[in-house]
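The values are calculated or read from the model by the stated rules, or taken from the named source; none is laboratory data. This one's a predicted model, so the numbers in the text were calculated from it and none came from an experiment. With ideal geometry, Cβ positions are generated from the backbone for all residues, glycine too; neighbour counts draw on all protein chains shown. These accessible areas exclude ligands, DNA and RNA; they are computed on the full protein's heavy atoms, side chains included. Shrake-Rupley method; radii C 1.70, N 1.55, O 1.52, S 1.80 Å.
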Amino acid sequence: MDLRRVHPLSDEPDDRQLFDEWLEVRNASQTAIFGVEHSSWSAEEMRGRRRGITHRFTDVAAIEGERVVGMLSLAEPLHDNPELALVMLAVHPDARRRGAGSAMLAEAERAVREHGRRVVQVDTEWRSDQQDDSGEGFAAGHGYSAGQTTIRSRMALPADRHQLQTLATSTDVEDAAAFEIEASWDGVPEAWLDDLAVLEQRMSTDAPQGDLQLEEEEWDAERVRADLQWALDAGRRLVVVVARDLSVDRLVGFTQAQVSAESPTLAYQQDTLVLREARGNRLGLRLKARAALELMDELPDVRGVRTWNADDNTHMLAVNAELGYVPEGHLRVWEKRLT
């Protein structure tokens, strides 16, 4: 088993071919789990992430003979969580149980130690009718503990427009008029950036984190701008929907949905948060309903919205159920502290 560095931003023909084969392993692994409903990354999306300012990436291919059979990506936060390293690892479905996964995980842990970090997190995924074989049979066997489990759900589009409009306005809520719901496509007004930075930072403290060892993230207007820009540069369409508290004229909630050029019929629901002090006004429901309406109007080819929520986030799961989301799988984060 040969482990070789991958250079996603290189223009050299050999580097580009290796990168394409490396990425195909990840997408083949996802397809083996979810079939046509897999969550794939395009080459431009992967490159876009590596042009960002939030993480340092180390990418490695596992090669058996002349064939790429495994992909490893190590992402290390640059603005916060200085002990944390995030691992994406996949082995081609027809090359498993031959040591590629163990070799790549060992390489990831070696690099993490070399970079002075100590906490490693890796994800596993499975369909609702399956078990977490990769986690229980691989991650746990390498000393990782389950830190958080999320439910992957899908909402079909187009949905009932009248119902969504009713939910988005929440006319049955006494203080509904105290909040204004606004939307912006493919970028946000400069005036939103500071409030969005607060909301993104509060995602790391207010949203359920399970047993994961995570510190509060550091966000500012520039990080928000950069986080949106990489997705646009990678060819994604995105909509940001916010809730404004009119009594103080600031944003107290937001959600975001993105649509990849590679899968134009599927939207991915990104972060959603309502500040603790503004909860109880059905703002989460209003935000997601408005986002669905925006997708129906702007991108009518979209046939579904996919989202992930912690299994103990009972409030947001109830919001999803009211909107018509149906569970279809799980994602679990496994964590290990290196010694």
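Some values worked out for this structure:
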{"item": "Some residue of the range 77-93 being part of a helix (DSSP H, G or I) and more than 25 Å from R337 (Cα to Cα)", "result": "yes"}
{"item": "Residue in the range 216-265 that is farthest from S42 (Cα to Cα), counting only those that are among the acidic types (D, E) and in a loop (DSSP other than H, G, I, E, B)", "result": "D249"}
{"item": "Q165 vs. criteria in contact (Cβ under 8 Å) with a residue 12 or more places away in the chain, farther than 16 Å from L283 by Cα and open to solvent by 20 Å² or more (accessible area, probe 1.4 Å)", "result": "no"}
{"item": "One residue from R286, R276, R250, R244 being touching a helix residue (DSSP H, G or I) at 6+ places or on another chain (Cβ under 8 Å), open to solvent by less than 70 Å² (accessible area, probe 1.4 Å) and among the basic types (K, R)", "result": "R286"}
{"item": "Residue ID - farthest from M155 (Cα to Cα), chosen from residues in the range 268-299 that are among the aliphatic types (A, V, I, L, M) and in a strand (DSSP E or B)", "result": "V274"}
{"item": "Condition met for L105 (open to solvent by 10 Å² or more (accessible area, probe 1.4 Å) and within 23 Å of the chain's Cα centre (by Cα))", "result": "no"}
{"item": "Residue list for the range 92-141, filter: of a type in the set (S, T, Y) and in contact (Cβ under 8 Å) with a residue 40 or more places away in the chain", "result": "S102, T124, S128"}
{"item": "Of all residues in the range 1-43 being hydroxyl-bearing (S, T, Y) and surrounded by 14 or more Cβ atoms within 10 Å (Cβ to Cβ), the one that is nearest to T58 (Cα to Cα)", "result": "S42"}
{"item": "Criterion (under 27 Å from M203 (Cα atoms) and more than 19 Å from the chain's Cα centre (by Cα)) met by exactly one of V68, V112", "result": "V112"}
{"item": "R237 surrounded by fewer than 22 Cβ atoms within 10 Å (Cβ to Cβ), within 16 Å of the chain's Cα centre (by Cα) and farther than 29 Å from R118 by Cα", "result": "yes"}
{"item": "Residue in the range 142-159 that is among the basic types (K, R) and open to solvent by 80 Å² or more (accessible area, probe 1.4 Å) present", "result": "no"}
{"item": "Subset of the range 300-332 (residues that are open to solvent by 20 Å² or more (accessible area, probe 1.4 Å), aliphatic (A, V, I, L, M) and assigned to a strand (DSSP E or B))", "result": "V326, L331"}
